[in-house]
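The values are calculated or read from the model by the stated rules, or taken from the named source; none is laboratory data. Just so it is clear, the structure is predicted and the values come from calculations on it, not from any experiment. Positions of Cβ are generated from backbone atoms using ideal geometry, with glycine treated the same way; all protein chains shown enter the neighbour counts. To get the accessible areas, we keep the full protein, side chains included, count just its heavy atoms, and leave off ligands, DNA and RNA. Shrake-Rupley method; radii C 1.70, N 1.55, O 1.52, S 1.80 Å.
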Amino acid sequence: MKDLLNVQDYLFSIQDVGDWEGEEEVVAERLNELIHMAWDRLPDDLDCESIDEIINGIWEHLRGELALLEAEFEELTDWVTHYADSSLDEKM
């Protein structure tokens, strides 16, 4: 069902992330990269509701978290991999 959705619909612009004291572009770029990584991990036959829940959950977990700026990108990618995989385990 993944083919019914488009990852572009989930991506963030600088205006979408809110005030990050001048770091909005960095936050949006990192967040979008994480969304793309999670998207790639999702199976093609996963239902749309689950996809929506998982992808939107990335922002819900990281909104306002300084980790988006302070953590090494590798740490963030490890987190999103774990988050996506554990979310999928819950769905199965």
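Above 18 Å lies some portion of the pair distances; for the chain, what is it as a whole percent of all C-alpha pairs? Percent of Cα pairs beyond 18 Å in the chain: 42.
Rolling a 1.4 Å probe over the protein heavy atoms leaves K2 with an accessible area of roughly 20 Å².
Here each label is just a point 7 Å from Cα along the line to Cβ, and for F73 and W20 those points are 1.3 nm apart. Of the whole protein surface, R63 contributes about 120 Å² of accessible area at a 1.4 Å probe radius.
Ignoring any ligand, DNA or RNA, what whole percent of the accessible area of the chain comes from carbon and sulfur when the probe is 1.4 angstrom? In the chain, the share of accessible area belonging to carbon and sulfur is 44 percent. Rounded to the nearest 20, the Cβ-based charge dipole of region 40-92 about its Cα centre (Lys and Arg +1, Asp and Glu -1) stands at 120 debye. Per residue, the accessible area of the chain comes to 62 Å², computed with a 1.4 Å probe over protein heavy atoms only.
Considering only A38, A71, A28, the mean-square fluctuation computed in a Gaussian network model of the chain, springs between alpha carbons under 10 angstrom, is largest for A71.
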